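Asks: Next up is a structure, given as structure tokens.
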Amino acid sequence: MKKILGIMLFLLLSAAGNAQRQEPALEYVCELKVTCGKAFSVGVTAHGERVVIPITGGTFDGPLLSGTVLGGGADYQLVDRSRHRTELEAIYNIMTADSVCIHVRNTGILYDGPDGFYFRTSPKFEAPFDSRYGWLNNAVFICEPQVRRDYISLKVWRVR
């Protein structure tokens, strides 16, 4: 047991010594234009009102990623009207221009209260490791969502 703990401590200290020492930078990946269906309320739960917004499709395009948003997903929101706060969790799939399917789970916060307006999310991509998009599995992303007339715009950056 002590030997295992020693090995784990060595690995941890080695990883810390190899940590990146520069400030994070952002690299623009793409903009998703996600179309949605009509929102509906599931009802009030112990955590707030659960609202579901079906994802019906869309497109995405950028220097590192392009293709289509597949229908069938949804944005599962937890709305707390008294605090002017909504937790977002969109789960859906995208198909790249070269036919690689990538799973997306995008979580975030929308706040529109006395302290101001805040709307940011963090998408997590699940791509096949053996594809040219395997790099998506090993990075953190941030997203600036904006509600447009016919779609939701999601501008995505990789944190370097």
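Asks: Once label points are set 7 Å from the Cα along Cα→Cβ at both Phe129 and Ser153, what is their separation, rounded to one decimal in nm?
Replies: 3.8
Asks: Of the listed values [x] 2, 8, 14, 18, 16, 12, 10, 8, 6, 4, 1, 0, 0; [y] 1, 7, 9, 8, 8, 9, 9, 8, 7, 7, 6, 6, 5, 4, 2, 1, 0, 0; [z] 2, 10, 20, 24, 22, 14, 5, 2, 1, 0, 0, identify the label whose number matches P(r) over Cα pairs in 5 Å bins from 0, in percent calculated from this model.
Replies: Working out P(r) over Cα pairs in 5 Å bins from 0, in percent from the coordinates points to [x].
Asks: Please find, in a Gaussian network model of the chain (springs between Cα atoms separated by less than 10 Å), the residue of Pro123, Pro63, Pro114 whose mean-square fluctuation is greatest.
Replies: Fluctuation is largest for Pro114.
Asks: Could you check how much of the accessible area of the chain is carbon and sulfur, as a whole percent, using a 1.4 Å probe?
Replies: Here it works out to 56 percent.
Asks: Which value in deg cm²/dmol, rounded to the nearest 500, describes the helix-derived mean residue ellipticity at 222 nm for the chain, given -39,500 (n - 2.57) per DSSP H run of n ≥ 4 and division by the residue count? Walk me through the intermediate numbers first.
Replies: Values: 1 runs with 16 residues, N = 160.
Helix contribution divided over all residues of the chain: -3500 deg cm²/dmol.
Asks: Give the aspartates and glutamates whose C-alpha is closer than 12 Å to that of Lys155, dropping any in the same chain fewer than 8 places away, or say none.
Replies: Output for Lys155: Glu27, Glu31, Asp61, Glu144.
Asks: Let me ask something else. If I fit a long axis through the Cα atoms of helix 2-17 and take the longest principal axis of the Cα atoms of the chain, what angle between them do I get, 0 to 90°, rounded to 10?
Replies: In the chain, helix 2-17 runs at an angle near 70 degrees to the longest axis.
Asks: For the pair His47 and Ala97, what calculated FRET efficiency results from E = 1/(1 + (r/R0)^6), where r is the Cβ-Cβ distance and R0 = 41 Å, to the nearest 0.05?
Replies: With R0 = 41 Å, the Cβ-Cβ based efficiency is 0.60.
Asks: Next question. Relative to a virtual label point 7 Å from the Cα of Glu89 in the Cα→beta-carbon direction, which members of segment 119-146 show backbone nitrogen distances below 15 Å?
Replies: From segment 119-146, the list is 122-124.
Asks: Accessible area per residue, 1.4 Å probe, Å², for the chain: what's the number?
Replies: Details: 10290 Å² over 160 residues.
On a per-residue basis, the chain sits at 64 Å².
Asks: Additional query: So what's the net charge close to Leu32: Lys and Arg +1, Asp and Glu -1, counting the other residues with Cβ under 15 Å from its Cβ?
Replies: +2
The values are calculated or read from the model by the stated rules, or taken from the named source; none is laboratory data. This is a predicted model, so every value here is computed, not measured. No Cβ is skipped: glycine too gets one built from the backbone with ideal geometry, and neighbour counts run over all protein chains shown. What goes into the accessible areas is simple: the full protein's heavy atoms, side chains included, and nothing from ligands, DNA or RNA. Shrake-Rupley method; radii C 1.70, N 1.55, O 1.52, S 1.80 Å.
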